[in-house]
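The values are calculated or read from the model by the stated rules, or taken from the named source; none is laboratory data. Just so you know, these numbers come straight off a predicted model, no measurement behind them. Cβ placement follows ideal geometry from the backbone for every residue including glycine, while neighbour counts extend to all protein chains displayed.
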């Protein structure tokens, strides 16, 4: 009797709150990579960014998660993520233009942020391969940073 038994296992996909929780697990990576983009803009272009400006950018990144959860409760995770990420990217991109004072540099930072948010969305959709893709992505980012900074003299980078 036991061998002939059959049944159904229901798999409940992640709901909006579970996906938002998974999103917050990547918060440190997002803060770090965003600040890294601004820091390299500061070092390579010799533009001074005040700590208060870094704090404001960090607050915008943190508010993304609040927006994501609150909007997702009403219209679903995908649309909530799109609205929250676009709003955050535009806010930080616009602020970057006034902080960095160069349209091309602010555009580059905006594109980097847009790619980061798209990458995070893909990671969230790939439940089984998220760790693998995340690790590969971080490896690539580190390789690019190491390549771009190979000729910087860090002892004189901050002095003018």
Task: Count of the stretch 96-121 residues which are farther than 29 Å from residue 132 by Cβ and either free of Cβ contacts under 8 Å to residues at least 40 places away in the same chain or not in a helix (DSSP H, G or I) (or both) - done: 8
TODO: Have a look at 85, 70 and point out the one that is within 14 Å of the chain's Cα centre (by Cα), surrounded by 12 or more Cβ atoms within 10 Å (Cβ to Cβ), at pLDDT 90 or above and closer than 23 Å to residue 25 by Cβ.
DONE: 85
Task: Scan of the stretch 17-32 for residues that are surrounded by fewer than 19 Cβ atoms within 10 Å (Cβ to Cβ) and either touching a residue at least 60 places away in the same chain (Cβ under 8 Å) or not in a helix (DSSP H, G or I) (or both), ordered by number - done: 22, 25, 26, 29
- [ ] Please name all residue pairs, on different chains or six or more residues apart, with Cβ atoms under 7 Å, provided the first residue is in the stretch 135-160 and is more than 15 Å from residue 40 (Cα to Cα) and the second residue is part of a helix (DSSP H, G or I) and at pLDDT 85 or above.
- [x] 137/119
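Please verify whether residue 144 is under 17 Å from the mean Cα position of the chain (by Cα), exposed (fewer than 14 other Cβ atoms within 10 Å of the Cβ) and assigned to a helix (DSSP H, G or I), treating the condition exactly as stated.
Details: under 17 Å from the mean Cα position of the chain (by Cα): yes; exposed (fewer than 14 other Cβ atoms within 10 Å of the Cβ): yes; assigned to a helix (DSSP H, G or I): yes.
Considered against the rule, which asks whether it is under 17 Å from the mean Cα position of the chain (by Cα), exposed (fewer than 14 other Cβ atoms within 10 Å of the Cβ) and assigned to a helix (DSSP H, G or I), residue 144 comes out as yes.
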Open item on the list: With the requirement that a residue be crowded, with 21+ Cβ neighbours inside 10 Å and within 16 Å of the chain's Cα centre (by Cα), what does the stretch 88-106 give you?
Closed with: 88, 89, 92, 96
